Amino acid sequence: TLVIITSDHAHFLPEYYKNEQREFFNIPFLMLSDRLKPSFKGKKESKLYSQVDFPSTLHYLLHTRNKGDYLFSKNYYSAYFHSFCFTTFIDGFNWIEPNKITHYDYRYPILDKNNFEPAHIKGMAIMQVLAERYRGNIKNKRNK
């Protein structure tokens, strides 16, 4: 048995924090299972982590194999784990790194291409991939 307790947002009201504030994204995650590796029992982590990363990390913690079903999921405990999160909201996205949040709102586009940060480009690339997957132009391994 695996019990997971988490929340969808880090606050109790939608308008309590703004989309670009770090506090908006502080989401608790608690796992309870007798199948967890002993070294992880009672452990508290604080690295930057996304809900999207839960599936790959759970595979690792529960000694199961991720067969590539989770295209965007990263194993939190991998030596290759790059700490970042990508979040979307109705009018844009955030690229979150340990010491910085890059906020992009489609209602207020950046017209000067010299003001774009690498995080803007990364976020836009992810949005493009998601749009193409939604349209069916990009398939995962299972839908070849």
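Against the criterion of being touching a Leu at 6+ places or on another chain (Cβ under 7 Å) and of a type outside the set (Ser, Thr, Tyr), Pro109 does not qualify. Picking from residues in the stretch 23-53 that are touching a residue at least 40 places away in the same chain (Cβ under 8 Å) and part of a helix (DSSP H, G or I), the one that is nearest to Ser73 (Cα to Cα) is Gln51. None of Tyr80, Tyr106, Tyr134 is touching a strand residue (DSSP E or B) at 6+ places or on another chain (Cβ under 7 Å) and open to solvent by 100 Å² or more (accessible area, probe 1.4 Å) except Tyr106. Tell me, yes or no, whether the stretch 44-65 has at least one residue that is farther than 20 Å from Ser7 by Cα, open to solvent by less than 70 Å² (accessible area, probe 1.4 Å) and among the small types (Gly, Ala, Ser). No; the residues of the stretch 44-65 include none that is farther than 20 Å from Ser7 by Cα, open to solvent by less than 70 Å² (accessible area, probe 1.4 Å) and among the small types (Gly, Ala, Ser).
The values are calculated or read from the model by the stated rules, or taken from the named source; none is laboratory data. Model, not experiment: these values are computed from the prediction. With ideal geometry, Cβ positions are generated from the backbone for all residues, glycine too; neighbour counts draw on all protein chains shown. These area figures cover heavy atoms from the full protein model, side chains too; ligands, DNA and RNA do not enter into them. Shrake-Rupley method; radii C 1.70, N 1.55, O 1.52, S 1.80 Å.
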